[in-house]
Amino acid sequence: GTHLAGIVSAYGGKDGKGIFGVAPGANLQVLKVCNDDGACFADDVLAGLYTAAQQNSAVVLMSFGMPHKLWFMNVFFENHENILFISAAGEKRSMFYPAFNENIVSNLTY
């Protein structure tokens, strides 16, 4: 999450000599949905997604992966087509969700 936030909104300073992200003026809302050990529970993830939607987020970056498709998250993605969802493919070969959902932009390759 921190890495993605830097890629998006890094501000290289007034002198322009620092590193800039792709959208240095972006407003970020950071939502932690995984615990300190990196485990992500579906109900926490879904609560975070609902919070992002309620805050009128235009883009949601998800830097986690899960091993199973979850129907209720699919329903959420389908019902929030106005949000651009971007997902990491996961760090393990078995962590394909939500990256393989048809409503998600990801770097997942089969």
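Quick look at the values:
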{"quantity": "Label zone at Ser9 (point 7 Å along Cα-to-Cβ), backbone N below 20 Å, the stretch 60-74", "calculated": "60-64"}
{"quantity": "Surface per residue (accessible, 1.4 Å probe) for the chain, Å²", "calculated": "68"}
{"quantity": "Beta bridge orientation in the chain: antiparallel %, DSSP, nearest 5", "calculated": "20"}
{"quantity": "Amide hydrogen neighbours beyond the local backbone of Phe85, cut-off 5 Å, H modeled", "calculated": "Val60, Val105"}
{"quantity": "Residue-wise HN-Hα coupling along the stretch 41-53, computed from phi with Karplus coefficients 6.51, -1.76, 1.60 (Hz; x: Gly, Pro)", "calculated": "9, 4, 5, 5, 4, 4, 4, x, 5, 5, 4, 4, 5"}
{"quantity": "For Tyr97, residues with placed amide H under 5 Å, excluding near neighbours", "calculated": "Met66, His68"}
{"quantity": "Separation in nanometres of the label points that stand 7 Å from Cα toward Cβ, at Ala42 and Leu70", "calculated": "0.7"}
{"quantity": "Test item: Cα-centred dipole of the chain, Lys/Arg +1 and Asp/Glu -1 on Cβ, debye", "calculated": "320"}
{"quantity": "Apportionment of accessible area to carbon and sulfur, the stretch 51-91, percent (1.4 Å)", "calculated": "49"}
{"quantity": "Heavy-atom accessible area order for Ile104, Ile7, Ile86, Ile19, largest first, 1.4 Å probe", "calculated": "Ile19, Ile7, Ile86, Ile104"}
{"quantity": "Full-stretch length increase - Asn103, Leu84 - with 0.36 nm per residue and alpha-carbon distance subtracted", "calculated": "6.0 nm"}
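The values are calculated or read from the model by the stated rules, or taken from the named source; none is laboratory data. Quick caveat: nothing in here was measured; it's all calculated off a predicted structure. Cβ: placed from backbone, ideal geometry, glycine included. Neighbour counts: every protein chain shown. Side chains included, ligands, DNA and RNA excluded: accessible areas come from the protein's heavy atoms. Shrake-Rupley method; radii C 1.70, N 1.55, O 1.52, S 1.80 Å.
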